[in-house]
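The values are calculated or read from the model by the stated rules, or taken from the named source; none is laboratory data. Bear in mind the structure is a predicted one, so any value in this text is a computation, not a measurement. Positions of Cβ are generated from backbone atoms using ideal geometry, with glycine treated the same way; all protein chains shown enter the neighbour counts.
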Amino acid sequence: MRAELTRVGVEELMTPEAVDAAFEKAATGTMVLIVNSVCGCAAANARPAVSLARQAPVQPDAYTTVFAGQDLDATARAREYMPGIPPSSPFIALFKDSEPVFILERRNIEGRSASAIAMDLVGAYKAHCGSHGVSSEQEIPKSEDADDLPSTFRSIL
């Protein structure tokens, strides 16, 4: 479960000091923080979603992860950077200049496909990452099945 993220270039933060160093580096930039989990129903789609989102044309400056339930101190420290946001795992947050600008809590992940979660992430990257954003010709990737569905159903693909 760890390797599903680290093999696509996500930096594992296993200590509070590593978390602090990652946030220090991200003080003037963008960073994704994934709170990984052994949960089969939600994390099983969250990890592939991160991998899909890594293919988008606009990317955050860094990808990081802590593992809830295993790296307890690192996870607790990461949550200190998100005051007012309830603990959740799995969980994905996009930080800009060390402030959370987009979050996906477990309730936003559970029961949704990896492609739908990835579309949410890519939309956040487009809105908050890169100095120039995405040109109007570039669109957020969508599932092939989305064209025939009402817009209210497209987000659950």
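Among (1) out of contact with any strand residue (DSSP E or B) (no Cβ under 9 Å at 6 or more places or on another chain); (2) at pLDDT below 90, there is one condition Ser89 misses while meeting the rest; what is its number?
(1)
Does Thr65 satisfy the condition of being in a helix (DSSP H, G or I) and of a type in the set (Ser, Thr, Tyr)?
The answer is no for Thr65.
Mind listing just one residue for me: the one in segment 124-157 that is assigned to a helix (DSSP H, G or I) and among the basic types (Lys, Arg) and, of those, modelled with the lowest pLDDT?
This residue is Arg154.
Exactly one condition in (1) at pLDDT below 95; (2) surrounded by 13 or more Cβ atoms within 10 Å (Cβ to Cβ) is false for Leu121; which is it?
For Leu121, the failing item is (1).
Here's the yes/no breakdown for (1) under 14 Å from the mean Cα position of the chain (by Cα); (2) in a helix (DSSP H, G or I):
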| residue | (1), (2) |
| --- | --- |
| Val38 | no, no |
| Ala46 | yes, yes |
| Val50 | yes, yes |
| Ala78 | yes, yes |
| Pro100 | yes, no |
| Gly111 | no, no |
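Looking only at segment 15-49, which residues are out of contact with any strand residue (DSSP E or B) (no Cβ under 6 Å at 6 or more places or on another chain), polar (S, T, N, Q) and under 12 Å from Glu4 (Cβ atoms)?
Residues satisfying the conditions are Ser37, Asn45.
In segment 113-126, which residue that is within 11 Å of the chain's Cα centre (by Cα) and among the small types (Gly, Ala, Ser) is nearest to Pro90 (Cα to Cα)?
Only one residue tops the list, namely Ala118.
Return the total of residues in segment 2-52 being in contact (Cβ under 8 Å) with a residue 40 or more places away in the chain and among the charged types (D, E, K, R).
Here the count works out to 6.
Step by step: first the residues of segment 82-98, then only those that are outside any loop (DSSP other than H, G, I, E, B) and in contact with a Leu (Cβ under 9 Å, 6 or more places away or on another chain), then the one that is farthest from Ala44 (Cα to Cα). Which residue is that?
Phe95
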